[in-house]
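Values in this text are rule-based calculations from the coordinates and carry no lab data. The structure presented is a predicted model; accordingly, all values stated were derived computationally and were not measured. Every residue, glycine among them, receives a Cβ derived from its backbone with ideal geometry; neighbour counts consider all protein chains shown.
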Amino acid sequence: MNELVAKGKKRLDWARDHMPVIENVKQEVSENGYLDGKNVSMALHVEAKTGILALSLREVGANVKMASCNPLSTDDSVAEALREEYGMDVHAKRGQTDEEYYENLTNTLKHAPNVVIDDGGDLISLIHIEREDLIDGIAGGAEETTTGVVRLRAMEKEGTLRFPVMSVNDALMKHLFDNRYGTGQSTMDGIMSATNLQISGKNFLVVGYGWCGRGIAMRAKGMGASVMVSEVDPVKAVEARMDGFEVLPTKKGIEKADFVVTVTGCKDAVGEEAIRKSKDGCVLANSGHFDNEISKEKLNQFSKSKRKVREDIMEYTMEDGRTLYLLSEGRLVNLAAGQGHPAEIMDMSFALQMMSAEYVLKNEGLEPKVHSIPREIDEKVASLKLESEDIEVDKLTEEQKRYIENWKEGT
Ligand SMILES: NC(=O)c1ccc[n+]([C@@H]2O[C@H](COP(=O)([O-])OP(=O)(O)OC[C@H]3O[C@@H](n4cnc5c(N)ncnc54)[C@H](O)[C@@H]3O)[C@@H](O)[C@H]2O)c1
C-alpha cells in the first residue's frame, strides 16, 4: 500500500469509527433491499465521511460512482484509498480545472443512475441540460445543501424539474447541526489552518446570518473575537442583534474587520464597495457553496499585483496600497483549507442521504418536485443519534398525550 493510500485508509477508518448512526441505518436499509442492485451517482465533497457514505451504499447492494461537487474540496488520499483499497469508481482530484470538474460529473452517469445524490445542484442540472436520456430511469434524487435546494426550487417553479428530489438540507437533523455546528466548527478550522493567525481579540465579520452564519458567529465569539454580522433579511438581523452581535452593513463592518466570512448563497456578498473599503490586512474567506460570494473579479480589478503567500492564501496589493488576503480562492474554506465537518455531524447528514435514497426507490413515482424529508426519518436519525450516545429522553404518558390533544381542557 503506498503512503497516500495508507493515509486515506486511516482517515476512512477513523471516520467510520465515529459514524454509528449510518452504520445502524445501513443494517435496516440492507434488510429492506430497495437499494440492492441499484445504480447511484453521487457528487459530494470527496473526503473521508463521504467515503463512508459511498462504502455504506455499496454495502447495501448499490453500485456507486462518485465525483466531487467542488474543484478544491477533494482529499486525494481518501479518493485514492477508495479506488485502490475498495475498488470504488471515484472521479475527483484536488485542484481540478472547470473542464475536468464537468467531465468527472459526467463520468458518474456512465451506468445510467436510478438515484442521484447531489451537493449544490450541479449534477442534477447537468442531467437536465445534457443527459435528458437518463431521466426516465431515475427514481429520484437527494440534495445536500441550501444552494442546491434553492436551485432545484427554481427549476420546480419553472416547471423544468423532471424527477423528485428529497431536500435533505431542510431536514431538521441536517441544517440544525450540519449547517450550524458543522460549518461553525469547520470554518474556524479552515481559517486557522490557512492562516495560523490569532482569532481572539480580532474583529470578525460574518456576512449572512442563516444556519451557517449563526454557527460561525457563535464559534468566533467563543474564541474571543468581537463579532459583527451583516444581513439583508431584517428578521435575521434582529436575531443577530438579540444574540449579542453588532449588526451593520457589510461596507461598514469591513472597514474594521480583520476577518470576513461570507455564508449567504448569494453572489457578490463582498462586492466592489466592500472591497474598496476593507481594512488593510483583512482576511477574506467564504463558506457558502459557490466561489462567487467574494468578488474575485473586483479584487483583480482594484489590485496592482497578487501573489501566493501561503498554500491557501492569495495576497492582493490594492492600487491604494492596502493588502487583502483571500483564502482558498474564495471556495468553501472549511473544505479547501480545513477538513470539513466533524464525522459525528456528517454521520447524521449522510444517514439522511441514505434514507432519502431508499425513500425515492420505495415510493417510486413521486411527483417531480422538491420533497421534504418526512418527520419519521428525522425522528429516526435523532433517536439513533441519542442511542449512540447513551442518552435517554422522557416519553409522554397516555394521560399527557390525551391532555395535549384535548382542546377543551385548560389548566
Ligand atoms: N461550508 C459548508 O460546508 C456548508 C454547509 C452547509 C451549507 N453551506 C452553504 O452556505 C450557504 C448558506 O447556507 P445557510 O444554510 O446558512 O443558508 P440560509 O438561507 O439559512 O442563510 C443565508 C443567509 O444569508 C443572507 N443573505 C443573502 N444574501 C445576502 C447578502 N448579499 N448580504 C448579506 N446577507 C445575505 C440571507 O438573508 C440568509 O439569512 C449556502 O450556499 C449553502 O449551500 C455550506
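Table for the structure above
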quantity: Count of residues meeting criterion [part of a helix (DSSP H, G or I) and over 15 Å from residue 353 (Cβ atoms)] in the range 104-128; calculated: 9
quantity: Test: residue 64 is farther than 22 Å from residue 341 by Cα, among the β-branched types (Val, Ile, Thr) and without any contact (Cβ under 8 Å) to a residue 40 or more places away in the chain; calculated: yes
quantity: Qualifying residues in the range 349-387 (those that are among the polar types (S, T, N, Q) and touching a strand residue (DSSP E or B) at 6+ places or on another chain (Cβ under 9 Å)) - the one nearest to residue 52 (Cα to Cα); calculated: 353
quantity: Where residue 208 falls short, out of the listed (1) under 21 Å from residue 180 (Cβ atoms); (2) in contact with a helix residue (DSSP H, G or I) (Cβ under 7 Å, 6 or more places away or on another chain); (3) buried (at least 17 other Cβ atoms within 10 Å of the Cβ); calculated: (2)
quantity: Filter result (out of contact with any Ser or Thr (no Cβ under 7 Å at 6 or more places or on another chain) and either surrounded by 20 or more Cβ atoms within 10 Å (Cβ to Cβ) or within 18 Å of residue 333 (Cβ to Cβ) (or both)) within the range 56-70; calculated: 56, 57, 62, 64, 69, 70
quantity: Residues of the range 169-179 classified as without any contact (Cβ under 8 Å) to a residue 60 or more places away in the chain and near the ligand (Cβ under 8 Å from one of its atoms), total; calculated: 3
quantity: Count of residues meeting criterion [assigned to a loop (DSSP other than H, G, I, E, B) and either surrounded by fewer than 24 Cβ atoms within 10 Å (Cβ to Cβ) or more than 11 Å from the ligand (Cβ to nearest atom) (or both)] in the range 341-352; calculated: 1
quantity: Identity of the residue in the range 129-163, within 16 Å of the ligand (Cβ to nearest atom), small (Gly, Ala, Ser) and in a helix (DSSP H, G or I), that ends up nearest to residue 265 (Cα to Cα); calculated: 148
quantity: Some residue of the range 381-393 being exposed (fewer than 11 other Cβ atoms within 10 Å of the Cβ), away from the ligand (no atom under 16 Å from the Cβ), outside any helix (DSSP H, G or I) and of a type in the set (A, V, I, L, M, F, W, C); calculated: yes
quantity: Residue in the range 289-305 that is surrounded by 16 or more Cβ atoms within 10 Å (Cβ to Cβ), under 16 Å from residue 214 (Cβ atoms) and not hydrophobic (A, V, I, L, M, F, W, C) present; calculated: no
